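The structure under discussion appears below in the form of structure tokens.
Where a number appears in this text, it was derived from the coordinates with a stated rule and is not lab data. Only a predicted model underlies this, so the values are computations on that prediction, with no experimental measurement involved. Please note: Cβ atoms are built from the backbone with ideal geometry, for glycine as well, and neighbour counts cover all protein chains shown.
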Amino acid sequence: MKDIPLQEITIRKYESPVGLDRKELMRKFLLSVGLLQPGESRDVIVNIFELLLENKGKGFEPTEILRALGEKRGASAPNIRRQLRRLRNLKLVEKRQDGYQICESIPAVVENFIEPFVVKQTVERLKEYSKLL
């Protein structure tokens, strides 16, 4: 039990997002925050994120997302629920009465949640370990 992380984040830095189309911009964002792995071919999380982003303010149940994604690779009910949970853990998606929807402001989530509560606290703990070494 001691080796189970309390929290985990992967952050990656890519080139400047100038000139990227919307789908590639979403992919790079999800890669940057560790929700997608480089070279991963099953990127259903990008499709879910895209659907919720394009329908901002509209709630979707997992079954509606599954229906909207149709035959896309990786679009199964358990996988959609897992990806929604991962998006919720980083506060990018929230669950409301009418279903899952994208958060109000993604830049605010990065600035007010990911940076101070995930990255900063993780770096502080890393410093504690390094001092004891």
**Study point:** Amide H contacts of V93 (H built 1.01 Å from N, under 5 Å, at least 5 apart or other chain)
**Key:** R88, C103
Practice item. Pull out the extension gain between E50 and D3, defined as 0.36 nm times the separation in residues minus the alpha carbon to alpha carbon distance; nm, one decimal. Key: 13.5 nm
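Percent of Cα-Cα pairs more than 18 Å apart in region 3-51, please. Don't skip to the end; give the middle numbers.
Working: 410 of 1176 pairs.
Taking all Cα-Cα pairs of region 3-51, the fraction more than 18 Å apart is 35 percent.
I need I48, I11 ordered by Cβ neighbour count within 10 Å, fewest first.
Numbers: I48 29, I11 13.
The order, fewest Cβ neighbours first, is I11, I48.
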Point to revise | Low-density loop positions, GluC sites (Glu not before Pro), region 7-98 - DSSP coil, at most 15 other Cβ in 10 Å | key: E8, E15, E40, E71
**Study point:** 222 nm mean residue ellipticity, helices alone, for the chain (DSSP H n ≥ 4; -39,500 (n - 2.57); rounded to 500)
**Key:** -13000 deg cm²/dmol
Review point. How far is helix 22-32 tilted, in degrees, relative to the longest principal axis of the Cα atoms in the chain, given as a value from 0 to 90 rounded to the nearest 10?
Key: 30
Point to revise | Solution diffusion estimate, µm²/s, Stokes-Einstein, region 22-105, Kirkwood Rh from C-alpha pairs, 10 °C, viscosity 1.306 mPa s | key: 125
Review point. What nm value, rounded to one decimal, do you get for the distance between L25 and L133 when each label is placed 7 Å out toward the C-beta?
Key: 3.9
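Estimate the FRET efficiency between T63 and F117 by the formula 1/(1 + (r/R0)^6), using the beta-carbon distance for r and 30 Å for R0, to the nearest 0.05. Present the calculation step by step, with values, prior to reporting the outcome.
On the way: r = 32 Å, r/R0 = 1.05.
For T63 and F117, the calculated efficiency is 0.40.
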Review point. In region 48-133, which trypsin sites (Lys or Arg not before Pro) fall in coil by DSSP and have 15 or fewer other Cβ atoms within 10 Å?
Key: K56, K58, K72, R73
Exercise for review: For the chain, compute the number of Lys pairs whose alpha carbons are separated by less than 25 Å, excluding pairs fewer than 8 positions apart on the same chain.
Suggested key: 29
Practice item. Working from Cα positions, state the angle (0 to 90°, nearest 10) between the long axis of helix 121-132 and the longest principal axis of the chain. Key: 30
Exercise for review: May I ask you to evaluate 6.51 cos²θ - 1.76 cosθ + 1.60, the Karplus curve with θ = phi - 60°, for each residue of region 94-99 and list the ³J(HN,Hα) values in order in whole Hz, giving x for glycine and proline?
Suggested key: 10, 9, 10, 4, 8, x
